[in-house]
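Let me begin by presenting the structure, written as structure tokens, before commenting on it.
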Amino acid sequence: MLLGEIVGVALEALRVNKLRSLLTMLGIVIGVGAVIAVVALGRGAQQAVNERISSLGTTMLTVIPGQVFTGGVASSTDRAKLYVEDATALAQRGTQFAGVEPEMSRTLQVQYRNQNTSTQVIGTTPNYLDVRKYSISAGRMFTEADNDGRQRVAVLGATTAENLGANPPESAVGATIRVRGIQFEVIGVLASKGGASGFNDPDDQVLIPLNTGRFRVFDTKELRAINVLAASEAQIPQAMTEISSILRRQHRLPSGRDDDFDIRNMSDFLNAAQQTTQVFGMLLAGIATVSLLVGGIGIMNIMLVSVTERTREVGIRKALGATRFNILAQFLIEAVVLCLLGGIIGILVGAGTAIGMRYGLHWNTDVSIGAVIAAFVFSAVVGVVFGVWPARRAASLDPIVALRYE
């Protein structure tokens, strides 16, 4: 038999049993589709995390209160405190910093006419935009004069403005809102950063001058955090050393005593987040790949059944001169074709699912060409590996025994 004739016979056998062929391919379709969709979801999540952290600036260092140590033992409940004076000391004594931005915050109800929303009210300094990598889409940021004068002015995040009924958000400029019953004039709206998750929305916040928050709203000089912008990534180690030295002197910590503050490096956090999302992506892809193996086993089972059903056909073909290689090739081609067709349909299903999640559910997905190629090649390999045994079994049938088979 010529190769073209062998391929024709194999395809005709699949065409005659359309439903069985379709059900046989189903496992491969699900496997390939799941691998592509899961990898796309994992890559999208990794990109979202990277963009979110990069938008904060990889040179930003965040200083937060640490644990209180008593007799060398860390307290499980008490935490140390950071004060406005600590931020002032960093700003005045630091030589490796491009900016120092203190923050005090609380979740409060903000009212505008008959609308209200619960959001993060942050007391900060005018350099918040530079340190946090935000920009103004309408209006202006408050100034040092506003801060020194404890002016009741506010800058809204885009989401907060929308929650208060401003559509578009920029229309909120000039409005009067109430925070804890105190009137504030909205003088600006931040440009949207996006990247909102179920736990945090970077656009849902209200910025007020630090001194206004300290004396009029929060009535405290305790800070939630101090953000320090290093001059460059290369100077991050020196900046961290300088922060530690200044704050230890400010807190009068004796030599040998642990710091009562923590310094978080956004660059290290970015690397850790990348590794975490990569591991989870590989784990999910591995789980999805199992379905490909299950689909391959399903094809092997169906092909074994097919060999049994077509025993007399094999006997007739051998009696008419078909060689062992001809029979082996026929059944192997059937298995490979099933897997390749299943792989093609699976690619369409997986890519379509990923695109549907992106535009329908607004999830971050990124279809990987490498994953598509790998899934397709793997489906072909599955067809060869799991098709060899049934094909060899068919090729090894004795023609006389096969002709007598009922």
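The values are calculated or read from the model by the stated rules, or taken from the named source; none is laboratory data. Being a predicted model, the structure only gives us computed values, none of them experimental. In this analysis, Cβ positions are derived from the backbone assuming ideal geometry, glycine residues included, and neighbour counts consider all displayed protein chains.
For the range 76-108, the set of residues classified as of a type in the set (S, T, N, Q), at pLDDT 90 or above and in a strand (DSSP E or B) consists of S105, T107, listed by residue number.
Selection of first residues in the range 30-48 that are of a type in the set (S, T, N, Q) and of second residues that are surrounded by fewer than 23 Cβ atoms within 10 Å (Cβ to Cβ), restricted to Cβ pairs under 7 Å at least 6 apart or on distinct chains, gives the following pairs, ordered by first then second residue: Q46/Q274; Q46/T277; Q46/Q278; Q46/G281; Q47/N364; Q47/D366. The sole residue among L210, L253, L223, L247 that is at pLDDT 90 or above and either over 34 Å from the mean Cα position of the chain (by Cα) or of a type outside the set (A, V, I, L, M) (or both) is L247.
Of all the listed residues (R358, R312, R404), the sole one being modelled with pLDDT under 70 and either polar (S, T, N, Q) or in contact with an Asp or Glu (Cβ under 9 Å, 6 or more places away or on another chain) (or both) is R312. If we scan the range 210-231, do we find a residue that is under 29 Å from A89 (Cα atoms) and among the hydroxyl-bearing types (S, T, Y)? Scanning the range 210-231 turns up at least one residue that is under 29 Å from A89 (Cα atoms) and among the hydroxyl-bearing types (S, T, Y). Quick check on my filter: what residues within the range 221-256 are in a loop (DSSP other than H, G, I, E, B) and in contact with a strand residue (DSSP E or B) (Cβ under 7 Å, 6 or more places away or on another chain)? Passing the criteria: K221, R224, A231. Residues that are under 9 Å from L190 (Cα atoms) and at pLDDT 90 or above occur in the range 144-156; there is at least one. Looking across the range 161-196, just one residue is among the basic types (K, R), in contact with a strand residue (DSSP E or B) (Cβ under 7 Å, 6 or more places away or on another chain) and assigned to a loop (DSSP other than H, G, I, E, B), and that is R180. Which condition number in (1) assigned by TED's automatic domain parsing to the domain that holds L90; (2) free of Cβ contacts under 8 Å to residues at least 60 places away in the same chain; (3) not polar (S, T, N, Q) is the one that G256 fails? Among (1) assigned by TED's automatic domain parsing to the domain that holds L90; (2) free of Cβ contacts under 8 Å to residues at least 60 places away in the same chain; (3) not polar (S, T, N, Q), the lone unmet condition for G256 is (1). Criterion applied to A272, A322 was being assigned to a loop (DSSP other than H, G, I, E, B), at pLDDT below 75 and over 30 Å from N163 (Cα atoms), and the one residue passing it is A322.
Of the numbered criteria (1) without any contact (Cβ under 8 Å) to a residue 40 or more places away in the chain; (2) within 13 Å of V228 (Cβ to Cβ), the one Q96 fails is (1). Could we say that G286 is in the same structural domain as G383 (by TED's automatic domain parsing), surrounded by 14 or more Cβ atoms within 10 Å (Cβ to Cβ) and at pLDDT 70 or above here? The answer is no for G286. Taking the criterion of being buried (at least 22 other Cβ atoms within 10 Å of the Cβ) and within 15 Å of S291 (Cα to Cα), the residues of the range 343-370 that qualify are G343, G346, I347, G350. The lone criterion from (1) assigned to a loop (DSSP other than H, G, I, E, B); (2) touching a Gly at 6+ places or on another chain (Cβ under 7 Å) left unmet by Y134 is number (2).
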